[in-house]
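Novice: This is the structure, below, for whatever I ask next.
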Number of protein chains: 2
Amino acid sequence: MSSENPTTRIRILDAAWKLLESGAARGVRMSDIAKAAGISRQALYLHFPSRAELLVATTRHVDAVKDVDARLAESRSATGPARLDAFVAAWGGYIPEIHGVIRALAAMMETDAEARAAYDDRMAAVRHGCVAAVAALTAEGCLTPHLSADEAADLLWTLLSVETWARLTQDCGWTQAQYVAAMQRTARAALMRQEI
Amino acid sequence: MSSENPTTRIRILDAAWKLLESGAARGVRMSDIAKAAGISRQALYLHFPSRAELLVATTRHVDAVKDVDARLAESRSATGPARLDAFVAAWGGYIPEIHGVIRALAAMMETDAEARAAYDDRMAAVRHGCVAAVAALTAEGCLTPHLSADEAADLLWTLLSVETWARLTQDCGWTQAQYVAAMQRTARAALMRQEI
DNA sequence: TCGTGACTTTACACCGTGTAAAGTTGACAT
DNA sequence: ATGTCAACTTTACACGGTGTAAAGTCACGA
């Protein structure tokens, strides 16, 4: 299932990625992906047992190619307000690379339990970053007294959701720069103690 | 199609509403709704031409029963910061009543153009409320200098999205009161000029 | 040369949506 | 009482998408 010719597997993942990212208003079907990868629809099932697992593998593939870990690690070196800004910029800047795949996964959630689990898993990873960023604020005494650390992490996580990004950049037509700047300001305003 | 026995139509809408709202992790099917309404699956199509239109009618039905207009109108009477708080409380308090239906509609968007249009239409209605709330802030000179009126409306609209509500209350386990309080604070912090 | 792995082709089961059409039932009008 | 009409049921089926199954092709290497 995953021990076969790796180049085909990667061709499939790249094809799925490309299709899911570039427009593709209509739901991307297995046959679309197969065609784009230059193989038969059935051959897809030689590499991935289901559409849900193909989507999950695609997100992991994108993560690997785009090296999300390195990007986020970078944001961890800053301190105080700058650290929050850096985290927002790092994750917010990554969303455009994966939103197509994530949205496809989210659309399956309603009916497919496996897709739901995979989506939750991915989102949990982001939440850990939020928790860490909030912990840094707390340590420096910058956290607003109105929120507990958990609440602050939840709020930041929500602010940085793919849905929020999609609404502002896709539906409202904001540029990526506008989005990042607004999220940085909003996160600071919502999470940090406002000293004159 | 809509001139028949109105009680059956309403039974259908109530059944759909109830199913969509109460848990129902699995996608709610036409046959589920028919069963719950006590009629055959085919009879559903005597009242609604498609699943998408049934969902749309269900949102309108909920709006009518819960009198969303009256609730929102109330928030328009306040002024300044209180008006923003009132709008957030009014709409934020309404979301729990409709989130099931809206989410079902959102899930169809990916594949069904009609569902997409219906969803966009509903969301546009909310946006108008946001524009009005921001206009009130602008008129009173409370709007932050960091945002244009359009940007502020977009941001408020995003803050008040069903997705944001769902993430905080469903995924993070916040109470409705926690949600409303946090959104009021965040909206104020993000949209209003911060005078000492 | 034999086998094996990667893939194709064909066929089909399953689900959910939507269409089509014939049959049932009860209310109401004449 | 008879007829008709609307609301609904029942049965059947087409369509599209996912996933399973199995036989066939083909190239590469031991």
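Novice: Residue under question is B:A89, and the condition is that it be more than 16 Å from DNA strand D (Cβ to nearest atom), away from chain A (no Cβ under 14 Å) and farther than 25 Å from B:E163 by Cα; does it hold?
Specialist: Details: more than 16 Å from DNA strand D (Cβ to nearest atom): yes; away from chain A (no Cβ under 14 Å): yes; farther than 25 Å from B:E163 by Cα: no.
Against the criterion (more than 16 Å from DNA strand D (Cβ to nearest atom), away from chain A (no Cβ under 14 Å) and farther than 25 Å from B:E163 by Cα), B:A89 does not qualify.
Novice: Next up: Which condition number in (1) open to solvent by less than 60 Å² (accessible area, probe 1.4 Å); (2) of a type outside the set (A, V, I, L, M); (3) more than 16 Å from DNA strand D (Cβ to nearest atom); (4) farther than 26 Å from A:R167 by Cβ is the one that A:S31 fails?
Specialist: With respect to (1) open to solvent by less than 60 Å² (accessible area, probe 1.4 Å); (2) of a type outside the set (A, V, I, L, M); (3) more than 16 Å from DNA strand D (Cβ to nearest atom); (4) farther than 26 Å from A:R167 by Cβ, A:S31 is out only on (3).
Novice: Please count how many residues of segment A:145-185 are facing another protein chain (nearest Cβ under 9 Å), over 16 Å from B:D150 (Cα atoms) and more than 17 Å from the chain's Cα centre (by Cα).
Specialist: 5
Novice: Do we have any residue at all in segment A:59-80 that's within 15 Å of DNA strand D (Cβ to nearest atom), closer than 23 Å to A:H99 by Cβ and not assigned by TED's automatic domain parsing to the domain that holds A:Y119?
Specialist: Taking segment A:59-80 and keeping what is within 15 Å of DNA strand D (Cβ to nearest atom), we get none.
Within segment A:59-80, not a single residue is within 15 Å of DNA strand D (Cβ to nearest atom), closer than 23 Å to A:H99 by Cβ and not assigned by TED's automatic domain parsing to the domain that holds A:Y119.
Novice: For segment A:152-168, state whether one or more residues are open to solvent by less than 30 Å² (accessible area, probe 1.4 Å), within 21 Å of B:T175 (Cα to Cα), at pLDDT 95 or above and acidic (D, E). First the steps, then the outcome.
Specialist: As a first pass, look at segment A:152-168 and keep what is open to solvent by less than 30 Å² (accessible area, probe 1.4 Å): A:152-162, A:164-168.
Now narrow it down to the ones that are within 21 Å of B:T175 (Cα to Cα): A:152-161, A:164.
Narrowing further to those that are at pLDDT 95 or above: A:152-161, A:164.
Checking the rest, the ones that are also acidic (D, E) come to A:154.
Yes, that holds for at least one residue.
Novice: Let me ask something additional. Condition test on A:G38, is it within 14 Å of chain B (Cβ to nearest Cβ), farther than 30 Å from A:V134 by Cα, away from DNA strand D (no atom under 13 Å from the Cβ) and open to solvent by 20 Å² or more (accessible area, probe 1.4 Å)? Full working, then the answer.
Specialist: On the way: within 14 Å of chain B (Cβ to nearest Cβ): no; farther than 30 Å from A:V134 by Cα: yes; away from DNA strand D (no atom under 13 Å from the Cβ): yes; open to solvent by 20 Å² or more (accessible area, probe 1.4 Å): yes.
So A:G38 does not fit the description; no.
Novice: Would you confirm, using the coordinates I've provided, whether B:V101 is within 18 Å of A:A190 (Cβ to Cβ) and away from chain A (no Cβ under 12 Å)?
Specialist: On the way: within 18 Å of A:A190 (Cβ to Cβ): no; away from chain A (no Cβ under 12 Å): yes.
So B:V101 does not fit the description; no.
Novice: Additional query: When you check A:A107 against the structure, is it within 16 Å of DNA strand D (Cβ to nearest atom), crowded, with 16+ Cβ neighbours inside 10 Å and hydrophobic (A, V, I, L, M, F, W, C), yes or no? Give the steps one after another, and end with the answer.
Specialist: On the way: within 16 Å of DNA strand D (Cβ to nearest atom): yes; crowded, with 16+ Cβ neighbours inside 10 Å: yes; hydrophobic (A, V, I, L, M, F, W, C): yes.
Considered against the rule, which asks whether it is within 16 Å of DNA strand D (Cβ to nearest atom), crowded, with 16+ Cβ neighbours inside 10 Å and hydrophobic (A, V, I, L, M, F, W, C), A:A107 comes out as yes.
Novice: If you don't mind, another one. Can you tell me which of A:A107, A:A124, A:A139, A:A152 is touching a residue at least 60 places away in the same chain (Cβ under 8 Å), outside the structural domain of A:V28 (by TED's automatic domain parsing) and among the aliphatic types (A, V, I, L, M)?
Specialist: Criteria check complete, one pass: A:A107.
Novice: Quick check, is B:T138 within 16 Å of DNA strand D (Cβ to nearest atom) and open to solvent by 60 Å² or more (accessible area, probe 1.4 Å)?
Specialist: Spelling it out, it is not the case that B:T138 is within 16 Å of DNA strand D (Cβ to nearest atom) and open to solvent by 60 Å² or more (accessible area, probe 1.4 Å).
Novice: Here is a follow-up. Test of understanding: among B:E114, B:E140, which residue is more than 23 Å from B:V28 (Cβ to Cβ) and not hydrophobic (A, V, I, L, M, F, W, C)? Give the derivation first.
Specialist: On the way: B:E114 fails: more than 23 Å from B:V28 (Cβ to Cβ).
Matching residue, one of B:E114, B:E140: B:E140.
Novice: Out of (1) over 20 Å from A:A117 (Cα atoms); (2) within 16 Å of DNA strand C (Cβ to nearest atom); (3) surrounded by 14 or more Cβ atoms within 10 Å (Cβ to Cβ), what's the single condition that is false for A:T7?
Specialist: Unmet condition: (3).
Novice: Among helices (runs of 4 or more DSSP H) lying entirely in segment B:32-112, which contain 1 or more residues that are of a type in the set (V, I, T), within 17 Å of the chain's Cα centre (by Cα) and under 30 Å from A:L19 (Cα atoms)? Lay out the reasoning, then the answer.
Specialist: Values: elements: B:41-47, B:51-66, B:68-75, B:80-109.
Hits in segment B:32-112: B:51-66, B:80-109.
Novice: Would segment B:57-72 turn up any residue that is within 16 Å of DNA strand C (Cβ to nearest atom), within 14 Å of chain A (Cβ to nearest Cβ) and either in contact with a helix residue (DSSP H, G or I) (Cβ under 6 Å, 6 or more places away or on another chain) or in contact (Cβ under 8 Å) with a residue 60 or more places away in the chain (or both)?
Specialist: No: zero hits.
The values are calculated or read from the model by the stated rules, or taken from the named source; none is laboratory data. Since the structure is predicted, the reported quantities are computational estimates derived from the model, not experimental observations. Here the Cβ is made from the backbone with ideal geometry for all residues, glycine too, and neighbour counts use every protein chain on show. Ligands, DNA and RNA are excluded from the accessible area calculation, which covers all protein heavy atoms including side chains. Shrake-Rupley method; radii C 1.70, N 1.55, O 1.52, S 1.80 Å.
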